1. How many residues, within the stretch 14-26, are hydrophobic (A, V, I, L, M, F, W, C) and surrounded by fewer than 10 Cβ atoms within 10 Å (Cβ to Cβ)?
2. Among the numbered criteria (1) more than 24 Å from ALA6 (Cα to Cα); (2) within 19 Å of the chain's Cα centre (by Cα); (3) of a type outside the set (Phe, Trp, Tyr), which one does ARG23 miss?
3. Can you find a residue in the stretch 34-41 that is in a helix (DSSP H, G or I), on the phi < 0 side of the Ramachandran plot and modelled with pLDDT of 90 or more?
4. List pairs: first residue in the stretch 47-68 and without any contact (Cβ under 8 Å) to a residue 24 or more places away in the chain, second residue aliphatic (A, V, I, L, M) and in a helix (DSSP H, G or I) anywhere in the structure, Cβ distance under 7 angstrom, at least six positions apart or on different chains.
5. From (1) under 13 Å from the mean Cα position of the chain (by Cα); (2) surrounded by 10 or more Cβ atoms within 10 Å (Cβ to Cβ), pick out the condition that doesn't hold for VAL42.
Amino acid sequence: MMLFMATSKSALQTSVPDDMRRRVMGVWAPIFGGMMHFGSLVSGGLTRKVGMPGTIIFGAIICIIAAAVTLCVVQRRDRSAEGAKAKA
C-alpha cells in the first residue's frame, strides 16, 4: 500500500503541469485518503449481510466494471488523439 501511494503520487505530480499540481493533489488526497475508510465501512456492512465470499465477489465485479470503463475511456482518448494527429 505504501509503495502504491508513493508511486501514484510521484507519477501524478510529474505528469501534471506546475500550475495545476495543487488542485490535482487537492482532489487526489480525499479520494485516496478518505475513500479507503468509506470502502472499509461499506465492505464491513456488506459482509454482515451477505458474508465474506459474497463481499469478495461483489468487490471483484466492481473492479471488473471499473477496469472495463477505464479501458473504454483510454481507447476513446487514444482514437481521438490519433484522429487529431491525422488531421494535422
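1. Total satisfying the criteria: 1.
2. Among (1) more than 24 Å from ALA6 (Cα to Cα); (2) within 19 Å of the chain's Cα centre (by Cα); (3) of a type outside the set (Phe, Trp, Tyr), ARG23 violates only (1).
3. yes
4. Going by the 7 Å Cβ cut-off, the qualifying pairs are THR55/LEU46; PHE58/LEU46.
5. Here VAL42 meets the rest and fails (1).
The values are calculated or read from the model by the stated rules, or taken from the named source; none is laboratory data. Just so you know, these numbers come straight off a predicted model, no measurement behind them. Using ideal geometry, Cβ is built from the backbone for each residue, glycine included, and neighbour counts are taken over all protein chains shown.
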